[in-house]
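The values are calculated or read from the model by the stated rules, or taken from the named source; none is laboratory data. These figures come from a predicted structure and were not determined experimentally. We place every Cβ from the backbone using ideal geometry, glycine too, and count neighbours over all the protein chains shown. Side chains are part of the model used for accessible areas, which takes the heavy atoms of the whole protein and leaves out ligands, DNA and RNA. Shrake-Rupley method; radii C 1.70, N 1.55, O 1.52, S 1.80 Å.
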Amino acid sequence: MHWILRFDYKAIREAYREIKTFIENKTGGEIDNLKTTIENDLGCTGDDSYELISEFIKKYKLDPVGFEFSKHFLNEGELFQPVAWFVLLLFGIVEITVWLLTFGKYNLQLPDSDFLKDRQTLDLTFGDMMAWYLHGKFVQRQEVRIEMK
């Protein structure tokens, strides 16, 4: 379903500034555009993302129906996986040992951080949060069309 939201330019600009400031203050990150993601770009994960969303809903009196936290973010327990960290550590020790034994001629190849994620999330963008704020109910940015009055 697509929603058409009509606002004057001033209301959209004020909403943009308000939500941008709120998110940047809570995450310590910087929002570049509507596609900036909360988890991947701003590094707000686990309990921090839960607190951000809870405070966002409460502060702006938004309807949370339809928003599923675990669909968009990793839970705190998913961020620390002892077996994966052990494998990564072991792999790193082997890589560094081979590098040292070859006097730096071996090209180190450490896995990226996605190795530690069990599942992929949809994340939530700044644009999604803007759409939620403007609509009052949870909708993702691609589900709305914002028009000027």
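Could you list all residues from the stretch 48-62 that are charged (D, E, K, R) and over 12 Å from Thr27 (Cα atoms)? Selection gives Glu55, Lys58, Lys59, Lys61.
Scan the stretch 1-35 for residues that are open to solvent by less than 100 Å² (accessible area, probe 1.4 Å), in a loop (DSSP other than H, G, I, E, B) and among the aliphatic types (A, V, I, L, M) and jot them down.
Within the stretch 1-35, Ile31, Leu34 meet the criteria.
Among the residues of the stretch 36-61, those that are among the charged types (D, E, K, R) and open to solvent by 100 Å² or more (accessible area, probe 1.4 Å) comprise Glu51, Lys58, Lys59, Lys61. Among the residues of the stretch 52-59, is there at least one that is part of a loop (DSSP other than H, G, I, E, B) and closer than 30 Å to Lys149 by Cβ? Taking every residue of the stretch 52-59 in turn, none turns out to be part of a loop (DSSP other than H, G, I, E, B) and closer than 30 Å to Lys149 by Cβ.
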